[in-house]
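Every number here is computed from the coordinates shown, using simple stated rules; none is lab data. Computed from a predicted model, the values in this text were never measured in an experiment. For neighbour counting, all protein chains shown are included, and Cβ atoms are generated from backbone atoms with ideal geometry for every residue, glycine included.
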Amino acid sequence: MSGWTGIGVPTGTPAAIVATLNREINAGLADARIAARLAEVGGRPILATPDQFGQLWLRDTDKWAKVVKFAAAKRE
C-alpha cells in the first residue's frame, strides 16, 4: 500500500461514538457504488476496526518518521 486516507477523532471520544462512526463508514465503503467510485480515482476501500486503523496509523507514522530523519529533511 503506498498511501491511504482515513478519518480520525479526538482522543477521549466516547467508544460508542467511535463504534457508530466505524460501523457507518465501513458500511459506506462496502457499498458497490462507493467502491466503484474509489476505483475510478485509483483507490480501494480498506475496512478496518478502530484498533486496526490505529495500528496502521502508528506503523506508517513510525516508518515515515524514520525516512524523514534518515534524509535529514527540513521544512522549506
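Some observations on this one:
- Distance between the pseudo-spin-label points of residue 25 and residue 51 (7 Å out from Cα toward the beta carbon): 1.7 nm.
- With a Förster radius of 35 Å applied to the C-beta separation of residue 67 and residue 7, the computed FRET efficiency comes to 0.90.
- Option label - log10 I(q)/I(0) by the Debye sum over Cα atoms at q = 0.14, 0.15, 0.18 Å⁻¹ computed here, alternatives (i) -0.73, -0.77, -0.88; (ii) -0.54, -0.60, -0.81; (iii) -0.61, -0.68, -0.87: (iii)
- Size of charge dipole - the chain - debye, nearest 20, with Cβ of Lys, Arg +1 and Asp, Glu -1, no other charges: 300
- For residue 16, net neighbour charge (Lys/Arg +1, Asp/Glu -1) across residues whose Cβ lies under 15 Å away: 0
- Here the spin labels are modelled as points 7 Å beyond Cα on the Cα-Cβ line, and at residue 60 and residue 32 they lie 2.8 nm apart.
- Table column - 3J(HN,Hα) (Hz), the stretch 7-21, Karplus curve with 6.51, -1.76, 1.60, x for Gly and Pro: 10, x, 10, x, 4, x, 4, x, 4, 5, 5, 4, 5, 5, 4
- Structure-based [θ]222 nm, the chain - -39500 (n - 2.57) summed over DSSP H runs of at least 4, per residue, nearest 500: -20500 deg cm²/dmol
- Inter-probe distance in nm under a simple model that places probes 7 Å from Cα toward Cβ, at residue 76 and residue 17: 3.7
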